[in-house]
Amino acid sequence: MSDNYEIYRGKAIEACKQVFLNEYNRSLGIPLPKIEFILPDSSNYKSGEYSIRIGETWQIHLNFGLLPKSYKDFQEEVRVLTRHEVEHFMCCPFDVLTHFRMLKAIIDTYNQNYSRHLIDIIPLSRSLANQAADIIIDTKNFYRHKSATLKSEIAWIKKGGYESFKDLPRHSKLMFLTKEAIWKESLELFEDDDELINEVNSLAEKFEEEGIDNKGLFISKTIDYTHSFFKLFEQDKKEEKQQAESSTDSGKSNEQQNEQPKITPTKDSQENGSQFVFQSPDKIKEALIQFAHEASLEQFGQILSAAGLSSLTEKEKQKIWFDAQNTDIIPIIEQSPKGSNDNYYYPTSWKLGDPLEEMDIMLSFSTSPVIIPGVTTKKWVQNPVYSAGSEKKDTDLLLIIDTSGSMGAITDPKSNLHQAVLSAYGIIKYFESRKNQIALIGFSDRISVNIGWTKDYDYVREELLLNGSGGTSFPIIRIQEIIDSSKNPLVTVIITDGELQNASQTVNYFKEYLTNGNKLFIFLQDRKSTIEHYKTLINYGAKVLKTLTANEMRDAVINDFL
């Protein structure tokens with residue numbers, strides 16, 4: 001048997017080369033298909049398994065099961081399958097980004113119009129995207145190789161093992177009937193449901209508009225296909241319900257109402273419902289980043305699941321999405337003077353014998369309402385230690401994020417937590433560009449994230465990805481520990497939707513922190529919050545800003561430096 005397989009392998013490679021060299025003029029830029037054979041105990045032995053694995057390149061895999069006795073017939077089928085897979089690369093979806101967009105179009109159409117059916121749309125979207133693409137590429141191949149494509153399609157339908165194609169649900173027949181309508185050739189389906197035929201003919205006209213392979217219309221054609229599919233699905237469910245109501249078996253009725261749509265397999269949907277198998281997210285990084293700009297965080301996760309990117313965890317998907325959003329970094333000031341310039345002064349005591357005009361009466365009264373010369377009297381003195389100059393020392397970032405329940409879910413773009421994480425990613429990106437250290441504290445009624453000083457920026461970003469929960473208790477003790485462990489000047493950024501707890505202790509600590517030349521930014525994500533509570537810190541140089549969104553935070557920071 002192994003010798004026989006090797007003969008068929010040789011025949012398959014020969015047929016693939018004929019397609020690559022003669023029909024595409026050696027201009028494909030992808031390797032020849034890999035040929036394998038599956039065993040008789042496989043569920044797809046009768047049909048075979050065909051797919052494209054996307055890694056360093058698009059690698060076509062043709063895994064044959066039941067083999068025809070004629071080498072000629074086998075090679076003809078290999079050529080048809082090779083053209084089919086090549087046209088996924090050359091025509092539809094043509095690239096990974098278009099594939100993602102087709103999946104999104106299907107999921108959005110379902111969510112906006114048909115979600116009442118409570119169907120698991122994620123795996124179904126893979127199949128529908130593949131069916132829409134197959135109509136396009138098989139039609140293109142039909143126009144170029146009519147006889148071979150038609151023969152192969154009829155054989156594929158028969159491989160499905162349907163006792164009666166006519167008895168299948170309407171929605172299960174849509175792809176094959178649409179091909180038959182466009183090709184205007186019999187696929188031996190013998191459909192006689194006039195209402196179904198009218199729906200199919202209408203869909204066929206939409207697919208043919210402005211050319212079957214018009215890439216600019218792939219998404220709209222996918223949406224049209226989805227609408228037709230669910231229209232027929234609803235007719236099938238209505239008919240099932242009527243049949244169930246006339247039956248005495250009520251249990252059967254309930255079971256049918258919960259059924260998923262019945263999907264007719266395409267040539268390359270056996271492995272996971274899709275024509276594509278993604279080997280590594282790193283190989284499609286550009287497509288992921290671009291698509292992250294076109295989808296919400298929740299949609300992004302759904303589409304990557306639909307695409308079969310099973311190697312990515314939900315947190316990894318979220319990280320990719322948040323990374324992609326920050327085209328604009330948030331430039332929180334990250335440097336402080338090593339020395340001072342000629343105008344740098346500090347307060348000291350005014351003593352008897354000092355010139356009277358040097359005494360600062362307001363500063364003295366702010367120290368004590370009782371004037372005691374040499375004790376409560378104050379003046380300003382120029383710092384004699386540092387020379388003038390612009391040399392600066394890098395500062396580190398302490399990022400403190402409120403993760404309490406009121407901050408909401410990270411997947412909700414309207415939630416404070418979603419916006420806080422967006423802002424944090426922009427701030428982190430800025431400090432990463434300066435190669436400065438970062439520490440992170442997340443807090444609710446407990447410390448939810450606790451990362452000491454590090455330059456592992458990806459780790460910090462990943463740990464930011466959690467949902468809000470619990471109450472609010474400001475972790476001033478842990479903040480003090482983090483700050484005290486740093487040897488560099490600091491920028492501390494606090495993002496919260498509530499008032500800082502431990503108010504007296506917190507304010508007193510940050511007064512000393514600011515007096516030492518460090519920076520403090522407090523972003524309040526609540527319009528009702530009052531900045532008056534932070535007046536003391538503002539007087540010491542803190543920046544306290546009411547900002548709800550990441551854009552507002554970025555604009556506030558930029559405007560502060562203008």
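Tabulated results
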quantity: nm² value of the averaged projected area, convex hull over the Cα atoms of the chain; calculated: 37.0 nm²
quantity: Amide H within-cut-off set for Gly48, under 5 Å, with H built and near neighbours excluded; calculated: Gly65, Leu66
quantity: Residues Leu352 and Asp394, FRET efficiency given R0 of 41 Å [Cβ-Cβ distance, rounded to 0.05]; calculated: 0.40
quantity: Protection proxy ranking of 422-428, 110-116, 491-497 - average other beta-carbon atoms within 10 Å, highest first; calculated: 422-428, 491-497, 110-116
quantity: Region 85-183 - accessible surface per residue (Å², probe 1.4 Å); calculated: 34 Å²
quantity: Extension gain from Thr530 to Lys158, taking 0.36 nm per residue of separation minus the Cα-Cα distance; calculated: 126.6 nm
quantity: Set of lysines with alpha-carbon distance to Lys11 below 21 Å, sequence-local pairs under 8 removed; calculated: Lys34, Lys46, Lys69, Lys72, Lys151, Lys267
quantity: Surface per residue (accessible, 1.4 Å probe) for region 40-81, Å²; calculated: 48 Å²
quantity: Förster-model FRET efficiency, 41 Å R0, Glu314 and Ile538, C-beta, rounded to 0.05; calculated: 0.55
quantity: Potential lengthening between Lys215 and Asp167 on full extension [0.36 nm per residue; Cα-Cα distance subtracted]; calculated: 13.8 nm
quantity: Euclidean distance between Cα centres, region 217-231 to region 297-315, Å; calculated: 22 Å
quantity: Cα-centred dipole magnitude for the chain, charges only on beta-carbon of K, R (+1) and D, E (-1), debye, nearest 20; calculated: 1220 debye
quantity: Overall form of region 434-525 per C-alpha gyration tensor (a/c, 1.5; a/b vs b/c); calculated: oblate
quantity: Long-range tail of P(r) for region 1-109 (Cα pairs > 18 Å, %); calculated: 54 percent
quantity: Point-to-point label distance, Asn516-Gln260, nm (Cα→Cβ direction, 7 Å offset); calculated: 5.8 nm
quantity: Cross-link table Lys315/Lys528; Lys159/Lys179; Lys140/Lys317; Lys184/Lys283; Lys104/Lys455; Lys283/Lys487, entries beyond 29 Å C-alpha to C-alpha; calculated: Lys315/Lys528; Lys140/Lys317; Lys184/Lys283; Lys104/Lys455; Lys283/Lys487
quantity: Between 0 and 90°, nearest 10: helix 218-245 axis offset from the chain longest Cα axis; calculated: 70 degrees
quantity: Share of carbon and sulfur in the accessible heavy-atom surface of the chain [1.4 Å probe, %]; calculated: 48 percent
quantity: Amide H contacts under 5 Å for Ser448, placed H, 5+ residues apart; calculated: Gly442, Phe443
quantity: Relative contact order for the chain, counting Cα pairs under 8 Å that sit 6 or more residues apart, in percent; calculated: 11 percent
quantity: Degrees, to the nearest 10: 314-325 long Cα axis against longest axis of the chain; calculated: 70 degrees
quantity: Nearest-10 value in Å² for the accessible area of Phe142, using the 1.4 Å probe; calculated: 10 Å²
quantity: Unit charges on C-beta of K, R, D, E only; dipole of region 129-179, Debye; calculated: 180 debye
quantity: Acute angle (nearest 10 degrees) that the helix 174-183 long axis makes with the longest principal axis of the chain, alpha-carbon atoms; calculated: 60 degrees
quantity: Sequence ranges 178-186, 538-546, ranked by mean other-Cβ count within 10 angstrom, highest first; calculated: 178-186, 538-546
quantity: Options Ile427, Ser415, Ile479, ranked by Cα towards positive dipole end of region 414-482, top entry (Cβ charges); calculated: Ile427
quantity: Rounded accessible area of Ile197 (nearest 10 Å², 1.4 Å probe); calculated: 50 Å²
quantity: Distance in nm between pseudo-label sites at Lys487 and Asn22 (7 Å out along the Cβ direction from Cα); calculated: 7.4 nm
quantity: Simple spin-label estimate for Gln279 and Lys455 in nanometres, 7 Å along Cα-Cβ; calculated: 3.3 nm
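The values are calculated or read from the model by the stated rules, or taken from the named source; none is laboratory data. Predicted model, so just to flag it, every value in this text is computed and none were measured. Neighbour counts are summed over all protein chains in view; Cβ atoms, including those assigned to glycine, are modelled from backbone coordinates with ideal geometry. SASA here: full protein model, heavy atoms, side chains in, ligands and nucleic acids out. Shrake-Rupley method; radii C 1.70, N 1.55, O 1.52, S 1.80 Å.
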